[in-house]
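The values are calculated or read from the model by the stated rules, or taken from the named source; none is laboratory data. Worth saying up front: this structure is predicted, and the values here are computed from it rather than measured. Note that we place each Cβ from the backbone using ideal geometry, even for glycine, and neighbour counts take in every protein chain shown. Quick note on the areas: whole protein, heavy atoms, side chains included, nothing else; ligands and nucleic acids left out. Shrake-Rupley method; radii C 1.70, N 1.55, O 1.52, S 1.80 Å.
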Amino acid sequence: MAFYETAVRPLLFRLDPERAHDLTVRASELSGRSALARRAARRALAVDDPRLRTTFAGLELANPLGLAAGFDKNGRAVGLLGALGFGHVEIGSVSAWPSGGNPRPRLFRIPQDGGIVVSYGVPNDGADAIRARLDAARPAVALGINLVKTNDPARPAVEPDVYEDYARSFAALQDRAQYVALNLSCPNSAADRDFFDDLPRIDALLTRLAGCDPRVPVILKLKPTLDAGVLREVVAIAGGHPFVAGFAINLPAGKPRELELSAPRATLDGMPGAVGGKPVETYVNAILGTLAGITGPESRYALMAAGGVTSAEDAYRKLRLGAGVVQLYTGLIYRGPELVGEAARMLSDRRA
Ligand SMILES: Cc1cc2nc3c(=O)[nH]c(=O)nc-3n(C[C@H](O)[C@H](O)[C@H](O)COP(=O)(O)O)c2cc1C
């Protein structure tokens, strides 16, 4: 069995989940400052194989595997994360203004389901601080920055303030990234998450961002839905904005019945938030398949997939469904960074 699962995970799982997360980010930040540590990580974990090279949204990536948003919210650890073998790393969500997020506890494990429940509510240092940090970082990997509206009761989700919030962080950060993802429905910002259910507002946001002279591809991270009519309408809206290069799918809010959960209801009731990891896999794969059917094989749109990837086979399934890249998060909590190399090796065999 892998080193992480035998030696590291048992220690981390003894800690409160948010504390374990903070410690992991801090350890990654510190070790990432050392060229020696970065080289050692790369040698131990990264798979460098030309067969894995991937074009996604016009970007040339070393492989189709990425780190999903939410692990490195503040761009602290991009030095080390860039050495773990990912083809891209997405930081954030970042908002225009700093936010403390939701009250604690706000992160819970459901080990029996290979899941995690999250209600962070997008805490982050805000666009200006993160821009300054990235100026000093120079990550050796394609960097995505995920943007979200500031979660702050003093900044309610009303027009046009929401558009101005995204425009501010977009203008501050687009030149620090290879792509920008717009988080259009953080499941844990209860006051904001339904704002873009009114789909013309997506058009209004994109019209506002067009005024920021977009110079990087933009991915829309959508609220999950199996409603093909809604997905079709979103794709049509994106059609009017040439800088939109693709779509991703967020976690659903709460514990909808589509999720595959065996944990007792009483346990889940004590865990406010959205579920990530294995329980969402079937659901998000169904949405991915629907979206791929709508955009079509020759589409200008790239699809970014995440949700329940804990093995190379899981990543391969998403690529077969039409994803251009596959992102990992909860799988890393259970399987560790070895998962990246394992998946990369298997994918390169499949491309042989
Ligand atoms: C702890 C945690 C925090 C997350 N934070 C964010 C976030 O800030 N912004 C965002 O767009 N997605 C966030 N996500 C969603 C992930 O980016 C990803 O889409 C989702 O977790 C599905 O992948 P997984 O099943 O491999 O975790 C978060 C997920 C988790 C588990």
Rounded percent of accessible protein surface that carbon and sulfur make up, region 41-125, 1.4 Å probe: 53 percent
The chain: relative contact order in percent, alpha carbon pairs under 8 Å with at least 6 residues between: 19 percent
Solvent-accessible area of Lys318 with every protein chain in place, 1.4 Å probe, in Å² to the nearest 10: 0 Å²
Under the Karplus curve 6.51 cos²θ - 1.76 cosθ + 1.60, θ = phi - 60°, whole-Hz ³J(HN,Hα) for region 63-75, x wherever Gly or Pro sits: 6, x, 9, x, 8, 6, 4, x, 7, 9, 5, 10, x
Surface per residue (accessible, 1.4 Å probe) for the chain, Å²: 41 Å²
Pairwise centroid distance, computed over Cα atoms, of region 163-199 with region 63-139, Å: 15 Å
Inter-site label distance for Asp213 and Ala154 at 7 Å from Cα along Cβ, in nm: 3.2 nm
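What shape does region 1-145 take by its C-alpha gyration tensor, where a ≥ b ≥ c are the square roots of the eigenvalues and a/c under 1.5 counts as rounded, a/b above b/c as prolate, and the rest as oblate? Mind dumping the intermediate values first?
Details: a/c = 1.58, a/b = 1.15, b/c = 1.38.
The shape class here is oblate.
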Spatial separation of Cα centroids for region 223-276 and region 294-352, in angstrom: 18 Å
Dipole in debye (nearest 20) - the chain, about Cα centre, beta carbon charges: Lys, Arg +1; Asp, Glu -1: 980 debye
Reference-scaled alpha-carbon Rg (2.2 N^0.38 Å with N residues) for region 1-67: 1.42
The chain, helix-only ellipticity at 222 nm - DSSP H runs n ≥ 4, -39,500 (n - 2.57), divided by all residues, nearest 500: -10500 deg cm²/dmol
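Could you state the per residue volume, in Å³, of the convex hull enclosing the Cα atoms of the chain? It would help to have the intermediate numbers written out before the result.
On the way: hull volume 43.5 nm³, N = 352.
Per-residue hull volume (Cα only) is 124 Å³.
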Coordinate range along principal axes, alpha carbons of region 306-352, Å, largest first: 28, 19, 13
Residue-span extension gain [Asp194 to Asp128] - 0.36 nm each, minus C-alpha spacing: 21.1 nm
Accessible area of region 240-288 belonging to carbon and sulfur atoms, whole % at 1.4 Å probe: 57 percent
